[in-house]
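Worksheet: the structure to be examined is printed underneath.
Read the figures in this text as sums done on the coordinates, not as results from a lab. Please read all numbers here as calculations on a predicted model, not as lab measurements. Neighbour counts run over all protein chains shown; Cβ positions are idealised from the backbone, glycine included.
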Amino acid sequence: MLNVNTAVEIAFVLIGAALALNVYRLLRGPDTTDRILALDTLGINAIALLVLFGISTASTAYFEAALLLALLGFVGTVALCKFLLRGDIIE
Amino acid sequence: MSTMSTATEYAVAALIVLGALFVLLGSIGLARLPDFLTRLHGPTKATTLGVGALLLASAIFFSTRPDRGVSLHELAILFFLFITAPVTAHLLAKAALHRQAKARDGEQRTTADREKARSAPESPLG
């Protein structure tokens, strides 16, 4: 029987493994762009973990945190890419 | 959880497991694919789809709970992620190509310099 609690437990394990793979790429990543991509993916996986935690505790308090994480992750990635492209962020 | 109907519970559980599997798949792609432009595919497509499925599961879960209305916070996060993922991927690909071109130019220039230095007669005064 697949109920929501079991599914959440399984998903925690799977996303934990995904986070470990991202950290591997973040530490190894031959180029700077690999590291930026790994950081961005870590942020998105953190959103997934927060949403799962919200489901498992049946609390809606985590949506704002997830939205904030999405916004900051996007702005951070764009800033890092701009820096790589132009050598400057705000010209 | 007993307040949910069986069909809803199945749908939420299936979406959660499917979403987590896609998130893991994206990260496997990020860790295992051979070069940067292929590695870009994993997180930008598989992971975004996985997080989308998880957010949809959360929206269904909180919308079908008693004493609460429809939950639309998740959809805001979902739309934001779906809009920003291609932008991020585009900028990262641009930055990677820029860096590759710069590295190649530098290599060519140093090779050209070396050849010029080799063919040029050496000045006695150094």
Residue match in segment A:12-29 (condition: among the small types (Gly, Ala, Ser), assigned to a helix (DSSP H, G or I), more than 7 Å from chain B (Cβ to nearest Cβ) and surrounded by 18 or more Cβ atoms within 10 Å (Cβ to Cβ)): no
Checking the structure you have, find out if any residue of segment B:73-80 is touching a residue at least 24 places away in the same chain (Cβ under 8 Å), at the interface with chain A (Cβ under 10 Å from one of its Cβ atoms) and in a helix (DSSP H, G or I). yes
Inspect all residues belonging to segment A:61-79 and state whether any of them is of a type in the set (Ser, Thr, Tyr) and surrounded by 14 or more Cβ atoms within 10 Å (Cβ to Cβ). yes
Take B:ASP67 and decide whether it is outside any helix (DSSP H, G or I) and without any contact (Cβ under 8 Å) to a residue 60 or more places away in the chain. yes
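Every residue, every condition in (1) more than 7 Å from chain A (Cβ to nearest Cβ); (2) surrounded by 14 or more Cβ atoms within 10 Å (Cβ to Cβ); (3) under 18 Å from A:ASN22 (Cβ atoms), yes or no:
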{"site": "B:ILE28", "(1), (2), (3)": "no, yes, yes"}
{"site": "B:ARG32", "(1), (2), (3)": "yes, no, yes"}
{"site": "B:LEU40", "(1), (2), (3)": "no, yes, yes"}
{"site": "B:LEU49", "(1), (2), (3)": "yes, yes, yes"}
{"site": "B:ARG65", "(1), (2), (3)": "yes, yes, no"}
{"site": "B:ALA89", "(1), (2), (3)": "yes, yes, yes"}
{"site": "B:ARG99", "(1), (2), (3)": "no, yes, no"}
{"site": "B:THR111", "(1), (2), (3)": "yes, no, no"}
Can you find a residue in segment A:47-60 that is more than 8 Å from chain B (Cβ to nearest Cβ) and over 23 Å from B:THR8 (Cα atoms)? no
